[in-house]
Amino acid sequence: MLTRIITAAVGIAVAITVLFLHETIVLPIAIAAIIAIMLFELIRAIKLEKCIPILIPAEICGIAVPFLHWYEMKSIAMFAVILFCTFAVFTVWLNKHEEIQYTQIFFVLACMILVPQAMSTIVLIEKQAGEHSVFFIVMGLCGAWIADSGAYFTGVAIGKHKLCPKISPKKTIEGLIGGIISTGIFFVIAFYINETIIANHFNFAHMYLSDISYAMIAVAGMVCAVIGTIGDLSASMVKRQIGFKDYGKIMPGHGGLMDRFDSVLFVLPTFYVFISITGLIHNISI
């Protein structure tokens, strides 16, 4: 328990430092580092981490994405990087087709596209949300982690019916419902505090949220909780099928970064879509 607490404290300190420097190059560097570690953990899970000709293009593709978003070099540049790295992976596979299975190759390709794009949503939010960027980034992460905490405590208190016993034995239906409700409530409270207190105190631009907007925010929080659970279970299913307990040991007591960010991969893009289509990051005024 002490190890988990110390690791969590260090992680929080690093996160606060990165968020404090969110307007600098530190943000894409931090995101690129997280992506690189997550990709390595995933590639190691399918026993290809020692195949350097595949590991390198996968890592290059992952690390490049947050910087391409940061410097707003999207479209053709993004397509070119992904295409080049994909060709590199397939070229290696053609040469080692007797050793490497197609399932491994397509797993690598899926990961090197999903993980960087999902995690780089943080950079997109920073670029578009202005003074509220830190708030939106934190809310995107909380959409995954608050649901997990709410589900845990609810499950411990009243959980009786298993959700997916063969994939994640400790998850319960009651816990899922608790996580959904707690995330919806947390979203409403957090947005209300940001709009009525923080924005006024720091003279930030206002989002002018209406009662209808708060209802939508509650729904968004609940949707994020459901999607985060799907992400968590999906990552757990991969571990079960491969025979892993944790993706890594970089965070003592917590496992690897994939163990901490599995639900985030699904929630962050969902949250970004929500704040984009509702105009929250485009309709902010003084």
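Coordinate-derived values only; no laboratory data. Given the structure is predicted, the values throughout are model-derived calculations rather than measurements. Methodologically, a virtual Cβ is constructed for each residue, glycine included, from the backbone with ideal geometry; neighbour enumeration extends over all protein chains shown.
Brief remarks follow.
- Estimated at 0.36 nm per residue, the fully extended path between ASN95 and ALA13 surpasses their Cα-Cα distance by 25.0 nm.
- Net length gained if the chain between GLU131 and ILE212 were fully extended (0.36 nm per residue, minus Cα distance): 26.8 nm
- The charge dipole of the chain, taken about its Cα centre with unit charges on the Cβ atoms of Lys, Arg (+1), Asp and Glu (-1) only, comes to about 940 debye.
- The range 1-128, relative contact order in percent, only Cα pairs under 8 angstrom and at least six apart counted: 32
- Compared with the direct C-alpha span, the chain from ALA33 to VAL219 gains 63.7 nm at full extension, assuming 0.36 nm per residue.
- Between the beta carbons of PHE79 and TYR102, assuming R0 = 30 Å, the FRET efficiency works out to 0.80 to the nearest 0.05.
- The ratio of the alpha-carbon radius of gyration of the range 1-128 to the globular-protein estimate 2.2 N^0.38 Å is 1.17.
- Using C-alpha pairs under 8 Å with a sequence gap of at least 6, the mean separation divided by the residue count of the chain gives a relative contact order of 21 percent.
- Excluding same-chain neighbours fewer than eight residues apart, the aspartates and glutamates reachable from LYS245 by a Cα-Cα span under 15 Å are GLU41, ASP232, ASP259, ASP262.
- Peptides 240-250, 257-267 ranked from most to least packed give 257-267, 240-250, packing being the mean of other C-beta atoms within 10 angstrom over each peptide's residues.
- No Cys partner within the rule (Cβ under 4.7 Å), the chain: CYS51, CYS111, CYS142, CYS164, CYS224
- In summary, the lysines within cross-link reach of LYS50, defined as a Cα separation below 16 angstrom excluding same-chain residues under 8 places away, comprise LYS96.
- Cβ-Cβ FRET estimate between ILE198 and LYS170, R0 fixed at 35 Å, reported to 0.05: 0.45
- Isotropic mean projected area of the C-alpha convex hull, the chain (nm²): 16.0
- Fewest-first sequence of THR3, THR154 by Cβ atoms within 10 Å of each Cβ: THR3, THR154
- Most to least packed among 38-51, 68-81 [average Cβ atoms within 10 Å]: 38-51, 68-81
- Distance in nm between pseudo-label sites at GLU49 and ILE6 (7 Å out along the Cβ direction from Cα): 2.2
- A Förster distance of 30 Å, applied to the separation of the beta-carbon atoms of LYS162 and ILE189, puts the FRET efficiency at 0.50.
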